[in-house]
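Okay, structure first, notes after.
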Amino acid sequence: QHCHEDGADSCDDTHEALEGNRWQFHCIGKGDDECVRLEEYYSHAPEYRRYEHAVFLKPNHAGEVIDVNIVPGKTHQMIAKAVDPPIYEIPNFLSDEECEYVKKKALATGMVHSRLFGANPDTNIEDLKGPDVFRISRQTWLRRDNSDIMMTSWKDRIEKLTKMPRKYIEDSEPFQVVNYGVGGHYHAHTDSASPGPEEMLRQKELPCCYQTDCPIDKNVQLCCKVCRYMTVLVYLNDVEEGGQTAYPFADLPGEDLQEKLKSGDYLNLSKHCNDATIAVRPRKGMAVMWYNHAKDPTTGLIGDPLLSAYHGSCDVTKGEKWIANMWISVPPYEHWDKPSSFNT
Ligand SMILES: O=C(O)CCC(=O)C(=O)O
Ligand SMILES: [Fe+2]
């Protein structure tokens, strides 16, 4: 590996030929040893050089701890929880004061009951309760406000953490703030495009939702597809009991995953929270970051959805739970030059 000692960004352009493929290394620590080897890089054909490429940071093993500089003068840790998909915990991503600020701001905008894609708009969701309900929470969106120093600094940290081109961070949706009470949960789901083969084929030609005005809370599947390449979720409080973020299929061998997915039952986290291979306990200010898609090895843009990235929130059994979601969207090659409707 050819990472330079003089800082994180100096080795972003380091390439090494390996059996005809190109590999890229990103030095996210200080020395050579802390370089993280990324997935195979794009093929360097001229048509794939016109735009900025996504980054996929893969840990060497679960439990790996990587020091990162995301705030000047401070060191944070990225703790790998899983390899497939890569899931990382980043303690103290936000300070206590920042968490309080986000909650206050969210309450001021007004929180509404969360809906699902394709949900019947006539249902009175406020009355729905119990383990059979897929999602029970309240939420709001915090719109981009470039004069807000906290939000800008938050995006800086996400950029340093993910190594993603700033463009994709700026293009992405507003921050979503979610609040769960006792009994609140969100059964296991994917944050991005429906991963079934037929669905993928049907949606192939569609632009990404963030590039359109398609209403994201209705049945959007006919108009656009969700292209949330990665998720950065931040816990805004300590939850007294329950409320873990659970990944029922993380790091499972392919056959076991297929079997569990087929049964469908494992998606119900009110029943199966404890069967999940990875469950992250909320801690105020901590971020969890993971990939919902592979990186397309040819185009360097969003690739196939990762079934291993199914996740959700277990029931809050005592107290309440506050989170903020930041999704980073990346287009597929067919739509790489379409502008984002959020970055105006
Ligand atoms: O609350 C959690 O831990 C998970 C939330 C989630 O998956 C989502 O909002 O998409
Ligand atoms: Fe999610």
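The values are calculated or read from the model by the stated rules, or taken from the named source; none is laboratory data. What you see is a predicted model; the values in this text were computed from it and never measured. Here the Cβ positions follow ideal geometry from the backbone for every residue, glycine too, while neighbour counts run over all protein chains shown.
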query: Which ranges mark the strands (runs of 3 or more DSSP E) fully within the range 298-344 that have 2 or more residues being within 16 Å of ligand 2 (Cβ to nearest atom)?
result: 311-313, 321-329
message: Just the residues that are within 15 Å of ligand 2 (Cβ to nearest atom) and either of a type outside the set (A, V, I, L, M) or farther than 23 Å from ALA246 by Cβ (or both), please, taken from the range 144-178.
response: SER172, GLU173, PHE175, GLN176
message: Condition first: buried (at least 22 other Cβ atoms within 10 Å of the Cβ), within 14 Å of ligand 2 (Cβ to nearest atom) and among the β-branched types (Val, Ile, Thr). Can you find one or more residues in the range 239-256 that meet it?
response: yes
message: For the range 22-123, give me every one of the strands (runs of 3 or more DSSP E) that falls completely inside it and has 1 or more residues that are modelled with pLDDT of 70 or more, among the basic types (Lys, Arg) and buried (at least 16 other Cβ atoms within 10 Å of the Cβ).
response: 76-82
field: Flag if SER341 is surrounded by fewer than 21 Cβ atoms within 10 Å (Cβ to Cβ), touching a Ser or Thr at 6+ places or on another chain (Cβ under 7 Å) and in contact (Cβ under 8 Å) with a residue 40 or more places away in the chain
entry: yes
task: Please work out if ARG144 is more than 16 Å from ligand 1 (Cβ to nearest atom), touching a helix residue (DSSP H, G or I) at 6+ places or on another chain (Cβ under 8 Å), of a type outside the set (Phe, Trp, Tyr) and under 30 Å from ASN92 (Cβ atoms).
output: yes
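I'd like to know if the range 261-278 contains one or more residues that are basic (Lys, Arg) and over 16 Å from the mean Cα position of the chain (by Cα).
Within the range 261-278, the subset basic (Lys, Arg) is 262, 271.
Add one more test, that the residue is over 16 Å from the mean Cα position of the chain (by Cα), and what stays is 262, 271.
Yes, that holds for at least one residue.
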task: For TRP290, work out the one condition from (1) in a loop (DSSP other than H, G, I, E, B); (2) crowded, with 24+ Cβ neighbours inside 10 Å; (3) not small (Gly, Ala, Ser) it doesn't fulfil.
output: (1)
